[in-house]
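The block underneath contains the structure these notes are about, expressed in C-alpha cells.
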C-alpha cells in the first residue's frame, strides 16, 4: 500500500465540531500541495448522487477543511477507479485509503455485515445510531472488519427507505412469487422467502433493468435519491413502508494502516468528519424526501401506496427467520444478531411510549 507522508507542520490546528471546518478552510492555502497527505476515496455511488454521493464528497471536503489542507481526500465515484461492489476490497488492498458504500454489499463475504446498514423490521435511523454509539454496535463492527485491516465509521444516513418500485400492483404475498426484484441485503433474503428472486445490481444499473424488464421491481433509497435516479419513468407503483431497510446508514471505510499513520489530530478529524456528516445527512434526507414524495405523486402520477397488511405480516415472520439463520452462520454473526435484537427490544419500549404514541396522536389532529 502507498505510504502516506506526514506534514512538517506542527499540531497547532484546533477545531470544535462541524463548524470548525468552515472556520479553518482558509488555512488550506498555507499548506503546499507537496506537503499534504493525499488519500483516495472510492465509492459505490454515481458522482454527486443526491443522498450518498453528496455525502461522500462532503466527507472529503470536510476532512480537507478541518485539517487546513494537511490531509486531502480525492473522491472516485463508482467505476472511476473500481466497480461499486469492489470498494471494500479496494480499501483492504490499499488501492484507496477510504471508501464510501453500504455494508450489505459485503454480505457474501461477511454475512452479518448487512446489519450495520439495516435489518428487515429492525432499528430506525436514530435507534441504529444509538446501538452503534451506545449499545456496543461499534465494537462488533470493528471486530468484524479488523481481519481485513479496515476501520468502519457511520458516514451518512439516508433515513427511512421506501418499499420499492413495482411495475405491477401488489395485492398480497402471492404476488411476490416469481417476482424478480432488485433488493440487496437481508431484505433480499426476506423477498426470497416470499417467493421472489432477489437480484443484486449496482445503483447505476437499476433504471435500465426496470425499463427492460430484467427486474420486475426494485428498491433503492428514499424519494429524494429515487427521484434523481428516474425510477418513476419505468414503474408507477411506489410502496411503503420500507420494512426491508428501515434505516439507511452509509459506511465510511478507512484503511487501518493509513489511519494509524496519521498524527492523532488528523485521526480525530477523520472520525469527526464522518460523525458530522452522519447526522447532517440524516436531517437533509428527511427534508428532501418529504418534498420529493409530493413531487412524485403530484407531478409524475406515481401511485404511492401502503403494502397490504398480509404482505407485511408475511414479511415480518420471514424477517425473524432470516435473522435466526444469520445468527447460526458463525460465532461473530451470532453475537451481532444477539446484540442487534437486544437493542431493538430495549429501544422499542421507549419508542412506543415516546415517538410512536406521539406521531399517532399528532396525525389525529
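The values are calculated or read from the model by the stated rules, or taken from the named source; none is laboratory data. Note that this is a predicted model, so its numbers are computed, not measured. All Cβ positions, even for glycine, are placed from backbone atoms using ideal geometry, and neighbour counts span all protein chains on display.
Pick out the one residue from 276, 252, 314 that is in the same structural domain as residue 145 (by TED's automatic domain parsing) and either under 26 Å from residue 165 (Cβ atoms) or not in a helix (DSSP H, G or I) (or both). Break it down stepwise before answering.
Working: 276 fails: either under 26 Å from residue 165 (Cβ atoms) or not in a helix (DSSP H, G or I) (or both); 314 fails: in the same structural domain as residue 145 (by TED's automatic domain parsing).
Being in the same structural domain as residue 145 (by TED's automatic domain parsing) and either under 26 Å from residue 165 (Cβ atoms) or not in a helix (DSSP H, G or I) (or both) holds for just one of 276, 252, 314, which is 252.
Answer yes or no as to whether residue 170 is modelled with pLDDT of 95 or more, buried (at least 23 other Cβ atoms within 10 Å of the Cβ) and either part of a helix (DSSP H, G or I) or on the phi < 0 side of the Ramachandran plot (or both). Before the answer, list the steps.
Details: modelled with pLDDT of 95 or more: yes; buried (at least 23 other Cβ atoms within 10 Å of the Cβ): no; either part of a helix (DSSP H, G or I) or on the phi < 0 side of the Ramachandran plot (or both): yes.
Against the criterion (modelled with pLDDT of 95 or more, buried (at least 23 other Cβ atoms within 10 Å of the Cβ) and either part of a helix (DSSP H, G or I) or on the phi < 0 side of the Ramachandran plot (or both)), residue 170 does not qualify.
Return yes or no: is residue 108 assigned by TED's automatic domain parsing to the domain that holds residue 279, assigned to a loop (DSSP other than H, G, I, E, B) and at pLDDT below 95?
On the way: assigned by TED's automatic domain parsing to the domain that holds residue 279: yes; assigned to a loop (DSSP other than H, G, I, E, B): yes; at pLDDT below 95: yes.
The answer is yes for residue 108.
Give the residue, chosen from 356, 334, 351, that is surrounded by fewer than 16 Cβ atoms within 10 Å (Cβ to Cβ), farther than 21 Å from residue 113 by Cα and not assigned by TED's automatic domain parsing to the domain that holds residue 114. Talk me through it step by step, then tell me what you get.
Details: 334 fails: farther than 21 Å from residue 113 by Cα; 351 fails: surrounded by fewer than 16 Cβ atoms within 10 Å (Cβ to Cβ).
That would be 356, the only listed residue that is surrounded by fewer than 16 Cβ atoms within 10 Å (Cβ to Cβ), farther than 21 Å from residue 113 by Cα and not assigned by TED's automatic domain parsing to the domain that holds residue 114.
For segment 80-94, give me the residue count where each residue is touching a residue at least 60 places away in the same chain (Cβ under 8 Å) and closer than 18 Å to residue 47 by Cβ.
Of the residues in that region, 4 qualify.
Inside segment 191-225, can you point out the residues that are in a helix (DSSP H, G or I) and within 21 Å of residue 119 (Cβ to Cβ)? Steps first, please.
As a first pass, look at segment 191-225 and keep what is in a helix (DSSP H, G or I): 191-193, 203-212, 223-225.
Selection gives 191, 192, 193, 203, 225.
Please verify whether segment 174-185 includes one or more residues that are more than 29 Å from residue 75 (Cβ to Cβ), in contact with a helix residue (DSSP H, G or I) (Cβ under 7 Å, 6 or more places away or on another chain) and outside the structural domain of residue 221 (by TED's automatic domain parsing). Spell out how you get there, then give the answer.
The first filter runs over segment 174-185 and keeps only residues more than 29 Å from residue 75 (Cβ to Cβ), leaving 174-181.
Keeping just the survivors that are in contact with a helix residue (DSSP H, G or I) (Cβ under 7 Å, 6 or more places away or on another chain) gives 176, 181.
From the residues that got through so far, the ones that are outside the structural domain of residue 221 (by TED's automatic domain parsing) too are none.
No: zero hits.
Can you tell me which residue is surrounded by the most Cβ atoms within 10 Å (Cβ to Cβ) among those in segment 265-278 that are in contact (Cβ under 8 Å) with a residue 60 or more places away in the chain and under 23 Å from residue 95 (Cα atoms)?
Residues of segment 265-278 in contact (Cβ under 8 Å) with a residue 60 or more places away in the chain: 265-266, 269-278.
From what is left, the residues that are under 23 Å from residue 95 (Cα atoms) are 266, 269-271, 273-274.
Working: 266: 22, 269: 26, 270: 26, 271: 15, 273: 28, 274: 24.
Filtering segment 265-278 for residues that are in contact (Cβ under 8 Å) with a residue 60 or more places away in the chain and under 23 Å from residue 95 (Cα atoms), the one surrounded by the most Cβ atoms within 10 Å (Cβ to Cβ) comes out as 273.
Would you mind finding the one in 323, 347, 296 that is touching a residue at least 40 places away in the same chain (Cβ under 8 Å) and either touching a strand residue (DSSP E or B) at 6+ places or on another chain (Cβ under 9 Å) or under 22 Å from residue 232 (Cβ atoms) (or both)? Before the answer, list the steps.
Values: 323 fails: either touching a strand residue (DSSP E or B) at 6+ places or on another chain (Cβ under 9 Å) or under 22 Å from residue 232 (Cβ atoms) (or both); 347 fails: either touching a strand residue (DSSP E or B) at 6+ places or on another chain (Cβ under 9 Å) or under 22 Å from residue 232 (Cβ atoms) (or both).
Result of the check over 323, 347, 296: 296.
What residue, of 178, 156, is at positive phi, touching a strand residue (DSSP E or B) at 6+ places or on another chain (Cβ under 6 Å) and outside any helix (DSSP H, G or I)? Spell out how you get there, then give the answer.
Numbers: 178 fails: touching a strand residue (DSSP E or B) at 6+ places or on another chain (Cβ under 6 Å).
Of 178, 156, the one residue that is at positive phi, touching a strand residue (DSSP E or B) at 6+ places or on another chain (Cβ under 6 Å) and outside any helix (DSSP H, G or I) is 156.
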